[in-house]
1. Any chance you could count how many residues in the range A:182-212 are of a type outside the set (S, T, Y), in a loop (DSSP other than H, G, I, E, B) and buried (at least 16 other Cβ atoms within 10 Å of the Cβ)?
2. Right, A:D177: assigned to a helix (DSSP H, G or I), surrounded by 16 or more Cβ atoms within 10 Å (Cβ to Cβ) and within 11 Å of chain B (Cβ to nearest Cβ) or not?
3. Return a yes/no flag: does the range A:213-223 have any residue that is within 10 Å of chain B (Cβ to nearest Cβ), assigned to a helix (DSSP H, G or I) and touching a Ser or Thr at 6+ places or on another chain (Cβ under 9 Å).
4. If you scan the range B:142-179, which residues turn out to be at negative phi, part of a loop (DSSP other than H, G, I, E, B) and under 18 Å from the mean Cα position of the chain (by Cα)?
5. Before we move on, is A:G207 farther than 30 Å from A:L88 by Cα, within 13 Å of chain B (Cβ to nearest Cβ) and out of contact with any Pro (no Cβ under 8 Å at 6 or more places or on another chain)?
6. Restricting the first residue to the range B:188-206 and requiring it to be at pLDDT 80 or above, which pairs with a second residue that is surrounded by 13 or more Cβ atoms within 10 Å (Cβ to Cβ) and among the acidic types (D, E) meet a Cβ separation below 7 Å and a spacing of at least six or different chains?
7. Any idea which residue in the range A:133-169 is nearest to the other protein chains (Cβ to nearest Cβ), counting only those that are within 20 Å of A:V222 (Cα to Cα), among the hydrophobic types (A, V, I, L, M, F, W, C) and out of contact with any Phe, Trp or Tyr (no Cβ under 7 Å at 6 or more places or on another chain)?
Amino acid sequence: MAKSDDCIHILQGLLVFGNVVIGMCGIALTAECIYFVSNPHGVYPLLKATDNGDINAAAWIGIFVGLALFALSILGIIGVIKASRTLLLVYIILMLITFAFEMASCITAATHRDSLTPDLFLKQMLDRYQKSEPANNSDSEVTKAWDELMLQNHCCGVTGPSDWQEYQSAFRLTHSDADYPWPRTCCVLDTQGLPVSLDGCKLGVPGYYNSNGCYDAISGPVNTHAWGVAWFGFAILCWIFCVLLGTMFYWSGIEY
Amino acid sequence: RPHSRPRHAGVHTMLPLLLLLLPAAHGIDQLGYRPALTTEPPLGGVTTGSTFVVDQPRCVFNDYGNAVIWLVVALDQAASSFNNTQRPGTSETAFQRFPDPVRAYMTLNATLGSYPCPKPEGEIAVLRVGSETSCTEDVTRPSCNGPLPVPGPYRVKFLALEGSVPVAETAWSVPIMLRTAKPFSSTSTAGSGHSADMIAITTILSILFAILLAGLVAMLFFWGSDSCGGSSTFSKPESVTVRRYNTHHVYDQPAARL
C-alpha cells in the first residue's frame with residue numbers, strides 16, 4: 001500500500017529527525033552545564049554558604065542528562081530504522097526516566113533562583129562577613145568571597161555602603177564606626193591595595209569609595225545560570241515530548 | 001580714652017546709650033553664619049553612627065585674625081544654656097566627660113589660617129566631627145575630637161576666642177541626628193512567593209510527563225493494536241523482500257506429503 005508506506009516513511013523520517021535534534025541538544029546541554037559548573041563567576045562560595053548550592057546540583061544533573069540524551073537519540077534512530085519493538089520500548093522507557101531527571105533539574109534551578117533575594121545575601125553578609133571568631137571554615141570562606149567580589153566588581157555591600165550603617169553586623173562589633181564606616185575593600189584602591197585616600201573613603205567622597213551595591217554583580221550571572229539550565233531544559237523537554245509521542249505511535253504500529 | 005561726661009542729659013537719653021554699650025562691653029559678635037551638614041559635594045558618610053560632617057567656616061571669621069576658632073558640640077537641650085565664657089581644655093568642656101556630666105564640649109580648634117578665604121575651587125572644605133579614635137579615654141586631651149557616644153540630636157556652633165576671651169560666635173546649627181543601626185530582620189528570606197516562570201515550568205512539565213506516562217500505559221495495554229494510516233499494520237523491512245521459490249520445490253512438496 002503506497003499510502004501507508006508513505007505514511008510510514010514520513011513518520012520514520014520525522015522520528016529520525018527528532019532524534020537527531022535531541023542528540024544535538026543533549027550535547028549542547030552538556031556543554032552549557034559544564035560551562036556553568038566550571039565558571040561560576042566567583043559567586044559559588046557565596047551560594048554554598050547560603051545553602052543554595054542546588055543551582056550547581058541542577059547543572060551537574062544537566063551534564064549527565066545531556067550525555068544520556070545523546071546516547072538515547074542514537075538508540076532511537078537505530079530503533080526507528082530497524083523498526084524493532086524491543087529497541088524502541090527500551091528507548092521509550094529510558095527516555096521517560098531521563099525526562100523525569102531533567103524535569104527535576106529544571107524545577108530545582110527555577111525554584112532556587114527565586115530564593116536568591118537581596119535579603120538573603122544581606123543577612124549572610126551582615127552575620128558572617130569578618131566575623132571575629134569564625135565558627136567554621138565557611139565563615140572565612142564567606143569573608144574571602146565577599147572581599148573578592150567587592151574588589152573585582154568595584155562594589156560595596158549588597159545595596160550599597162549604607163548597608164553597614166543601617167544594620168547591625170558582625171563587622172561592626174570588631175570595627176568602630178568612626179574608623180570603619182564601611183570595610184576598607186569598599187574604598188578605591190591603588191595598585192598596592194591601599195586606599196587612594198583613606199579620609200576620602202571614610203567621608204564618602206564620590207570617586208574615593210564604591211557607592212554601588214554588589215547585588216547586580218551577583219544576580220546577573222546567577223540569573224543567566226539558572227535560566228540557562230531551566231529554560232533550555234524546558235525547551236528540550238517539550239521537543240522530547242513530541243518525539244516520544246510519535247515514537248509511541250510508531251511503536252504501536254509495528255507488526256508484532 | 002576720651003573722657004566723656006554727661007552734660008545735663010536726662011536718664012531717658014542715657015539708658016539707650018548704656019544699652020547700646022552693653023554688648024560692646026561683652027565683646028561677642030553674633031555672626032549670621034549657621035553651621036550646617038555638608039551638602040556640596042554629596043558625601044556618603046555625611047552622618048554615620050558616631051560622626052558627622054560640617055562645612056568649614058570659610059570667610060566667616062575674617063575680622064578676627066588673632067582668634068582661635070573652636071567648635072562647640074552640644075546636646076540639643078543644652079545648646080541654649082551653654083555659657084560662652086566656659087574655657088576649652090578644662091574639665092567642664094572635656095570630651096571625655098561628655099555627655100554626662102558635661103553636656104557640651106569644645107573641640108577642633110584652629111586659627112584663621114586653617115580656613116583661607118576664599119575657598120579654592122574644587123577643594124573639599126569639611127570638618128569631620130568624631131574622627132579621632134585614639135584619645136577617647138585620654139583625659140590629658142580634653143579637646144579630643146572623639147566619636148559621638150549617643151545618636152543625638154546635637155547642635156554645633158563656632159566660637160572665636162582671643163586668649164580666653166570670646167570675641168565672636170556663629171548661630172547654633174539646626175539639630176543634627178546621627179544614624180542608628182537596627183538589627184536586620186528579613187521580611188521573608190526563604191519560601192518567598194514563587195515567580196510565575198517557575199510555576200509555569202512546573203505545571204507544564206508535570207502535564208507533559210503525565211501525558212507521556214499515560215501514553216506508555218496505553219501503548220503497553222493495547223499491545224499491537226492500531227497503526228499508522230489505516231487498519232493494516234506495516235511490516236518489518238526484512239519481510240518485504242519476497243523470496244523466490246524454486247519451482248521444483250513447489251511441485252516436489254505436495255508429492256512428499258502424499
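1. Just the residues of the range A:182-212 that are of a type outside the set (S, T, Y), to begin with: A:182-184, A:186-190, A:192-196, A:198-207, A:210, A:212.
Filter once more, so that each one left must be in a loop (DSSP other than H, G, I, E, B): A:182-183, A:188, A:190, A:192-194, A:196, A:204-205, A:207, A:210, A:212.
Filter again for buried (at least 16 other Cβ atoms within 10 Å of the Cβ), leaving A:182-183, A:204-205, A:210.
The number of residues fulfilling the criteria is 5.
2. Details: assigned to a helix (DSSP H, G or I): no; surrounded by 16 or more Cβ atoms within 10 Å (Cβ to Cβ): yes; within 11 Å of chain B (Cβ to nearest Cβ): yes.
Judged against the criteria, A:D177 is not a match.
3. Taking the range A:213-223 as the starting set, the residues that turn out to be within 10 Å of chain B (Cβ to nearest Cβ) are none.
Taking every residue of the range A:213-223 in turn, none turns out to be within 10 Å of chain B (Cβ to nearest Cβ), assigned to a helix (DSSP H, G or I) and touching a Ser or Thr at 6+ places or on another chain (Cβ under 9 Å).
4. Start the filter on the range B:142-179 by keeping residues that are at negative phi, which leaves B:142-151, B:153-162, B:164-179.
Next, only the ones that are part of a loop (DSSP other than H, G, I, E, B) stay: B:142-151, B:153, B:164, B:170-175, B:177-179.
Scanning the range B:142-179 gives B:P147, B:L148, B:V150, B:P151, B:P153, B:M177, B:L178, B:R179.
5. Details: farther than 30 Å from A:L88 by Cα: yes; within 13 Å of chain B (Cβ to nearest Cβ): yes; out of contact with any Pro (no Cβ under 8 Å at 6 or more places or on another chain): yes.
It is true that A:G207 is farther than 30 Å from A:L88 by Cα, within 13 Å of chain B (Cβ to nearest Cβ) and out of contact with any Pro (no Cβ under 8 Å at 6 or more places or on another chain).
6. Partner pairs satisfying both residue conditions: B:M198/A:D114.
7. Among residues in the range A:133-169 that are within 20 Å of A:V222 (Cα to Cα), among the hydrophobic types (A, V, I, L, M, F, W, C) and out of contact with any Phe, Trp or Tyr (no Cβ under 7 Å at 6 or more places or on another chain), the one nearest to the other protein chains (Cβ to nearest Cβ) is A:C155.
Residue by residue, here is whether (1) touching a Phe, Trp or Tyr at 6+ places or on another chain (Cβ under 9 Å); (2) within 8 Å of another protein chain (Cβ to nearest Cβ) holds:
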{"residue": "A:V90", "(1), (2)": "no, no"}
{"residue": "A:F99", "(1), (2)": "yes, yes"}
{"residue": "A:M103", "(1), (2)": "yes, yes"}
{"residue": "A:A109", "(1), (2)": "yes, no"}
{"residue": "A:R113", "(1), (2)": "yes, yes"}
{"residue": "A:P118", "(1), (2)": "yes, no"}
{"residue": "A:L122", "(1), (2)": "yes, yes"}
{"residue": "A:R128", "(1), (2)": "yes, no"}
{"residue": "A:K131", "(1), (2)": "yes, no"}
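The values are calculated or read from the model by the stated rules, or taken from the named source; none is laboratory data. As the structure is a computational prediction, the values presented were derived from the model and not from experiment. All Cβ positions, glycine included, derive from the backbone under ideal geometry; neighbour counts span all protein chains shown.
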